[in-house]
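Here's the structure we're looking at; comments come further down.
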Amino acid sequence: MFCGECGFKNKEGAKFCAECGKPLNTDEKTEEKKAPKKITPKEKKPMSKKTKIGLTVGIIVVILLVIGFIVGKNLTDPKKIASDYFEAVMNYDADKLYSYLDVKDSEFTTKKVFKSIVDRMKKDSDEEKLTNYKVTKTEKSNSGLSMEVTINYTLEGETDDQTARITLTKEKGNKFLFFDNWKIADNTLNTVEDFELSVLKDSTVTLEGIKVDKKYIDTDESTSSMDVYKLPALFALTYQLKVDVPFGFSLEDELNVSTYSNSKTINFDEENIPTSEKNKMIEQAEKDLGILYNGIIENKNFDDIKSNFEGENINLDDLKEIYEDLKEDITSYSSTTLKKIEFKDMELRDLELDDDGYLTMYLYGEYDYTISYDDNGETKERSKSSNDGIYVSYSYVDNAYHLVDASSLPTYFSRYF
């Protein structure tokens, strides 16, 4: 029996505790230790399918938000934007570069046109291959609205570093809700609006393979000799230009568009005419001059030779007057008689379209001639060569050049020099 006071174990039947002397409780009921109450745990209900799905979706959303934040921060990093742009420029990546453009909608500013221009630039380049590059510096402006990113890079076959500096500007508002909206600031990626292109009247214009509609002609700006096209928008790049002039040939040129000027005149002159066409003009002029002079040598009237120059709606009054004056001047020299003349090796030194729509050429070159003269009762001949400049004017009808005027024609043929 245990003492209820000190816990000492006493003999059975003892009245007092042998240890502390306190009376012992002999009530059997109180002697028995009460057993602890047994608690039966509640049974847990299994998680429903709907709850599991909700929990999974929540976790996924959180993960996606974290990933999205990381990706968004990376995509909007100015160094990343500058690096991507640098790679696109170096690799002539037309698709990537087009995404940087702030394009005004126009049939001349489509992605197809842009790719055509960039592909030609790549073909014409030295094909320098980028081997490596590194962003070495970023410098934000005092206002924080712009930033310059410096990139050092090396090209294949070269050991020295080269440097590219790319400027970015911060646009209004955030990108992806949280991040600064940085954009490449490059004038070469801009478009030029209302570009004025002046060409010879009644020409057909083709720009980067696109036939330019006559609807773009600005009648208020056009003149009697020039058509002025006002094009809604062009890239600030170099376009391939073809102008089919109303003289049966084409002028092919490059149209360099820049943000510094929104107009260009395609001059119709000797410098941009195809060599084959210049030769054709010169040959025609040499032939026509020969017809005029040989008509005088053979003492023909203008009506006898005018069929060589006739064409639909061509007025030959000026040419007739020129011929008659020339004939009078040449035959007025009693001491010499022109017997033969041949124009050759002429050069086209100037070319322009006058107010009447005539093509006026300045030719300079050589002509051989033979004259006869009286020497003390004896008729003698002498052949010589000379050089001079001559102006001739043509009307172009039925795919042919028709002489309508001429000036500065040689009239004096000396036997002394």
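For the chain, modelled as a GNM whose springs connect Cα atoms under 10 angstrom apart, the maximal fluctuation among Glu208, Glu328, Glu270 occurs at Glu328.
Considering the options Ala164, Phe178, Ala94, tell which one lies farthest towards the positive end of the dipole of the chain, charges being +1 on Lys and Arg and -1 on Asp and Glu at the Cβ, about the Cα centre. The one lying farthest along the dipole's positive direction is Phe178. Of the cross-linked pairs Lys287/Lys327; Lys278/Lys320; Lys242/Lys306; Lys172/Lys264; Lys122/Lys172, those separated by over 24 Å at the C-alpha level are Lys278/Lys320; Lys242/Lys306; Lys172/Lys264; Lys122/Lys172. Considering only Ile297, Ile59, Leu234, and ranking their Cα positions along the charge dipole of the chain that arises from unit charges at the beta-carbon of Lys, Arg, Asp and Glu, the one farthest toward the positive end is Ile59. Between the residues Leu24, Val257, Thr411, the greatest Cα displacement towards the positive end of the dipole of the chain, with unit charges on the Cβ of Lys, Arg, Asp and Glu, is found for Leu24. Shape analysis of the chain yields a ratio of the Cα radius of gyration to the Kirkwood radius, Rg/Rh, of 1.57.
Using Cα pairs closer than 8 Å and at least 6 residues apart in sequence, work out the relative contact order for the chain, in percent. Could you put the intermediate results ahead of the total?
Numbers: 660 pairs, mean separation 36.8, N = 417.
So the answer I get is 9 percent.
Across the protein chains, with a 1.4 Å probe defining accessible surface, the residues Phe8, Phe2, Phe114 rank Phe2, Phe8, Phe114 from largest area downward. For Tyr100, the accessible area of its heavy atoms, probed at 1.4 Å with every protein chain present, is near 40 square angstrom.
Determine the dipole magnitude for the chain: charges of +1 sit on the beta-carbon of Lys and Arg, -1 on that of Asp and Glu, nothing else is charged, the reference point is the Cα centre, and the result goes in debye to the nearest 20.
On the way: 57 positive and 80 negative charges, 1448 e Å.
Once rounded to the nearest 20, the dipole reads 6960 debye.
Placing +1 on the Cβ of every Lys and Arg and -1 on the Cβ of every Asp and Glu, with nothing else charged, gives the stretch 163-311 a dipole about its Cα centre of roughly 880 debye.
Give, as ranges by residue number, the residues of the stretch 301-341 whose backbone N falls under 14 Å from the point 7 Å along Cα→Cβ of Tyr412. Inside the label zone: 329-330, 332-336. At the residue level, Glu107 shows approximately 70 square angstrom of accessible surface with a 1.4 angstrom probe and all protein chains present.
What ratio of Cα Rg to 2.2 N^0.38 Å holds for the stretch 275-417? Please list the in-between numbers first.
Numbers: Rg = 15.8 Å, N = 143, 2.2 N^0.38 = 14.5 Å.
Rg over 2.2 N^0.38 Å, computed on Cα atoms: 1.09.
Label separation (Ala400 vs Arg165): 6.5 nm, computed from points 7 Å beyond Cα along the C-beta direction. Heavy-atom accessible area with a 1.4 Å probe sorts Thr169, Thr219, Thr131, largest first, into Thr219, Thr131, Thr169.
Accessible-area rank, largest first, for Met47, Met361, Met147: Met47, Met147, Met361, with all protein chains present and a 1.4 angstrom probe.
Suppose R0 equals 51 Å; then what is the FRET efficiency for Lys112 and Tyr391 from their Cβ-Cβ distance, rounded to the nearest 0.05? The formula returns an efficiency of 0.65 here.
Please give the charge dipole size of the stretch 268-417, origin at the Cα centre, charges +1 on K and R Cβ atoms and -1 on D and E Cβ atoms. Round to the nearest 20 debye. If you can, show how the numbers build up before the last one.
Values: 15 positive and 36 negative charges, 171 e Å.
Charge dipole of the stretch 268-417: 820 debye, to the nearest 20.
Carbon-plus-sulfur accessible fraction, the chain (probe radius 1.4 Å, protein heavy atoms only): 46%.
The values are calculated or read from the model by the stated rules, or taken from the named source; none is laboratory data. Note that this is a predicted model, so its numbers are computed, not measured. Here Cβ is always computed from backbone atoms with ideal geometry, including for glycine, and neighbour counts include all displayed protein chains. Note: accessible area is taken over every heavy atom of the protein model, side chains too, but ligands, DNA and RNA are not part of it. Shrake-Rupley method; radii C 1.70, N 1.55, O 1.52, S 1.80 Å.
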